Amino acid sequence: MNETHRMTIKGASRLRSVIVDKWTIVSRLSIILLLSALLIGTGCTASHYRKSADKAADSIIKEKQEQIFGKATGIEIERPSDTLRRRLMIEQDLQYSSNASLGSEKLEKIAHWPEKDYPGNDSVSSGDDITLESGQSLKLTLVQALQIAAKNSSEYQSQKESVFQKALDLNLQRHKYGFTLGGEDASYKITQSETEGETVKSDSGSGSLSLSKTLKNGTKIVTSAGVDIINLLTDGISTKSFQYDGSISIPLLRGAGKYVASESLTQAERDLVYSLYTFERYKGTFAVQIVQSYMSVLSQMDQVDNAAENYKNSITSYNRTSRQAEAGRATIVQVNQTLQQQLSSRNRWINAKGQYKNQLDNFKIMIGLPADSEVELDRSDLESLTERAADIVTRAVADTSTSENLFEPGKENAGPLEMDEEQAITLAFDNRLDLKVQEGKVYDAQRAVVIRADALGAELTLLGSAKFTGDDEEAFEKDSGIYTGLLTLDLPFDRTSERNAYRNAYISLEKAVREFQTMEDNIKLSIRQTLRTMAEAREGLRIQTLAVNSAETGLASANMFFEAGRSELRDLLEAQSSLLTARNSLTSAVINYRMAELQFQRDAGILKIDDEGLLVEYGSEEDNNVKQQ
């Protein structure tokens, strides 16, 4: 065989060797990639993680609601796709600058968006049972306004999301004290080198899986299992080599004990409770604001009607005076007086209309609707209030006193909420949730003192570990393992930072106590003031009822005397103006008394809001959460 032929055979052999080697490398990499793909393929999607977070937060919120309120209703932060705001935008063809105005589900999905169908149009329905009729404005009752505000108000939604985020924070803290599965990334390394003209190849690989548990007393336990990937890929599962590790860390001095070690978990639990208390308090305050704004719009609507009637009367007066002047029965001065009255009446009517529109626009924004949407409020709500006050009005007329002695409003005709001051303050102390939050923060500040004091001491930690390596059960015999033990000591030579933190903790405690005292004093103040406001509003209702009766009688008399020529024109004009003022004041008095009742319930913490955003007032059979004395 010649040299050329031997070289050819040698080259072919080397090529075959290279191909085999490359194939081996490719096959091993393929197996690794396949295993990785399987791991990735069996992993969770972004949608799964989002839904899992929702489920965890919802479970925690209901757990805490059950503990502190006695019932679990949950908090839904998923906004419906068919919000009333969007339906108004579309049905009434309102202006908007971008798709963001129609909701997040109408946004164009950007590159790499993790969930193709979320947010989407298949979200939960608004369920508001409000039908929009083409070409007609939306007419809202007070009940509907409260429900719409609870579902459409941005501020209300932000409050709910704040509670939800606190629940997620607590979930994370609880997770830290559960079993945690982890591990290092599996690795595979190929090394090739030339040694004395020959190629030397070597490969190595490893992977591990760990399970850890942190106890509430500060102890941390970690166990892990590692595998030699090369043996797994080449020789099969029967000859693989495993490595097992276990370690434990136990704090003995500083940071030891459940009280100190689980402080972050304790605070997260309490923060969620505070958030739920704050949200419940907010719901009552928000509902009173909605009622106040709604009634203000109705009051302004009534003032528009009163101003329109007064304007019509002034036109009638001007026309009548003009005819009398033509007949020589009135002077040009009187004609000018009625003209001035007519112009002033028109100006008041136009101003009243403008104020009505402004207040209505502001109200629409408050409940989460577009300012340019066509919405009107149900006047019957004001009529219902007037009927509700009819009993007080009747007693007011019958209770007219002609005595020259001055007297303050008594409680003879008082409403059911005009209770004794001491009883009212006791109710507030028992039911004001923000006071409970502030009291809880005092305890938090006390706990912080304990935590900071613990940090001043020495740190003594016991560390231990065990390691086993082998292919069979002999690897787990006590003589084949590697054991280590370590005791670490950190003496308190330099605790300047801890010292300052400890001193600041006392300052924070004093601040928390002062804030609690201030809130307690402010509650007393608000209760005393709202009780007086109710009494004043009741007396104002009485006074304005009598004022309207007097103004109506006065106008009738002025008309009669003027027609008979027995009074001046000025008397008639003043009577018309007095009636307008009295009617506006009576409407305000009716609303003021109702608002004083709601404000008292709010300030006493006895006004509750149901899941639909509706009022559950004190004394209602549905209200099971008010502590009564």
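Quick notes
Residue by residue, here is whether (1) in the same structural domain as Q446 (by TED's automatic domain parsing); (2) polar (S, T, N, Q); (3) closer than 30 Å to I591 by Cβ holds:
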{"position": "R503", "(1), (2), (3)": "yes, no, no"}
{"position": "S508", "(1), (2), (3)": "yes, yes, no"}
{"position": "A512", "(1), (2), (3)": "yes, no, no"}
{"position": "Q517", "(1), (2), (3)": "yes, yes, no"}
{"position": "N522", "(1), (2), (3)": "yes, yes, yes"}
{"position": "R528", "(1), (2), (3)": "yes, no, yes"}
{"position": "T533", "(1), (2), (3)": "yes, yes, yes"}
{"position": "A537", "(1), (2), (3)": "yes, no, yes"}
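- Among the candidates A111, A100, A72, the residue that is in contact with an Asp or Glu (Cβ under 9 Å, 6 or more places away or on another chain) and among the small types (G, A, S) is uniquely A72.
- Verdict on L88 being touching a residue at least 60 places away in the same chain (Cβ under 8 Å), under 21 Å from K364 (Cβ atoms) and touching a strand residue (DSSP E or B) at 6+ places or on another chain (Cβ under 8 Å): yes
- Residue check: V20 meets all listed conditions (1) loosely packed, with under 12 Cβ neighbours inside 10 Å; (2) modelled with pLDDT of 90 or more but one, namely (2).
- Residue count for region 571-623 satisfying the condition of being farther than 28 Å from T285 by Cβ and of a type in the set (V, I, T): 1.
- Hey, D169 of a type outside the set (F, W, Y), in contact with a helix residue (DSSP H, G or I) (Cβ under 9 Å, 6 or more places away or on another chain) and at pLDDT 90 or above or not: yes
- Test: residue in region 338-352 that is surrounded by 16 or more Cβ atoms within 10 Å (Cβ to Cβ), within 28 Å of V288 (Cα to Cα) and at pLDDT 90 or above: yes
- Just one of the numbered conditions (1) modelled with pLDDT under 90; (2) surrounded by 13 or more Cβ atoms within 10 Å (Cβ to Cβ) is not true of N121: (2).
- Top-ranked residue of region 483-509 - restricted to ones that are among the aromatic types (F, W, Y) and at pLDDT 95 or above, ranked as farthest from D444 (Cα to Cα): Y502
- Qualifying residue in region 378-396 (condition: surrounded by 20 or more Cβ atoms within 10 Å (Cβ to Cβ) and assigned to a loop (DSSP other than H, G, I, E, B)): yes
The values are calculated or read from the model by the stated rules, or taken from the named source; none is laboratory data. No experiment lies behind these values; they were computed from the predicted model shown. Note that we place each Cβ from the backbone using ideal geometry, even for glycine, and neighbour counts take in every protein chain shown.
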